[in-house]
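Peer 1: Below are the structure tokens for one structure; questions will follow.
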Amino acid sequence: MMATKLKNLRLAELSLVDEPANKDARVTIFKRAETLDPTAGGPAGDPLSNKETDMTEDAKKVADLQAQITDLTKRYEAADKRATEAETKLADVTKRADKAEADLATVTKAKETVEKDEVIKVGEIEVKKSAVGDATFAVIKAQQAEIVKERDARELVELTKRAETEYASLPGEPVAKAKVLKAMAGLSEEDRTALDVMLKAGQAAMDERMAERGTAAGKPVGSAEEELDKLAGNYAAENKVNKAAAYDAVLKTAEGSKLYSKSLTERPAAH
């Protein structure tokens, strides 16, 4: 139970007793002289007149203070509410930022995985290492490498046969010419066509030259051209190569080169 404050009492008599009804009560009594200020508003001889005025002013001050406290309390509660709302919003923003950061990390990791992921094309199907696992991917990769190796070998054999048939008179080994033909496949159609025309023109020129040299009646006896033809024939027989390849090999020797140069000076006289 809350205590009741008694104010503005006028006591007519105050008695002291040996057995009080409220033993815990505490009473403070002030006594002043009864002389009053003649300018005070109370009636002459009234000892409580000025005190009542002071008490009224104190009550007003207390009321003002209470009003200020109430206002400050409301402001504090409003500020506290705003602070709580701000903390809630901050927590929400932080949560969203954390989620965004986590999502970004997931996307970045997925991107790195895709970029680092090995891919092998088997026919029209792309096989990813991340999809089949390291062991399976290694097996597929080895099998694919073997398939490519066998395919390249078959292709080289076919191109070598083509080189021996279509470009037999051109200098160079058949395998070397086959590799040139394979490289031509990677050129643009325009460049490939131009190179093919040059090779065929060279083949035709060499065929014509070989036809001239292959006619014994057309070679003066003891001429450099006849000697060169004999060297090529012997080389072809010994090394089991065609005549065009033999000429190419002989022309690279010092003797063959000398005879070829000499034959060029003899040809006008032979005709």
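Peer 1: Can you tell me which residue is modelled with the lowest pLDDT among those in segment 195-219 that are more than 20 Å from Glu266 (Cα to Cα) and surrounded by 12 or more Cβ atoms within 10 Å (Cβ to Cβ)?
Peer 2: So, considering only residues that are more than 20 Å from Glu266 (Cα to Cα) and surrounded by 12 or more Cβ atoms within 10 Å (Cβ to Cβ), the one modelled with the lowest pLDDT is Asp207.
Peer 1: All but one of (1) modelled with pLDDT under 80; (2) outside any helix (DSSP H, G or I) hold for Gly186, so report the exception by its number.
Peer 2: (1)
Peer 1: Follow-up question, since we're still on this one. Which of (1) assigned to a helix (DSSP H, G or I); (2) assigned by TED's automatic domain parsing to the domain that holds Val175 does Lys121 not meet, given it meets every other one?
Peer 2: Only one criterion is unmet by Lys121, namely (1).
Peer 1: Moving on. From (1) at pLDDT 85 or above; (2) over 60 Å from the mean Cα position of the chain (by Cα), pick out the condition that doesn't hold for Thr94.
Peer 2: Status for Thr94: all satisfied but (2).
Peer 1: Could you pull out the residue among Ala145, Ala135, Ala163 that is in the same structural domain as Ala204 (by TED's automatic domain parsing), in a helix (DSSP H, G or I) and modelled with pLDDT under 85?
Peer 2: Result of the check over Ala145, Ala135, Ala163: Ala163.
The values are calculated or read from the model by the stated rules, or taken from the named source; none is laboratory data. Everything numeric in this text was worked out from a predicted model, so none of it was measured. Reconstructed Cβ throughout: ideal geometry from the backbone, glycine too, with neighbour counts over all protein chains shown.
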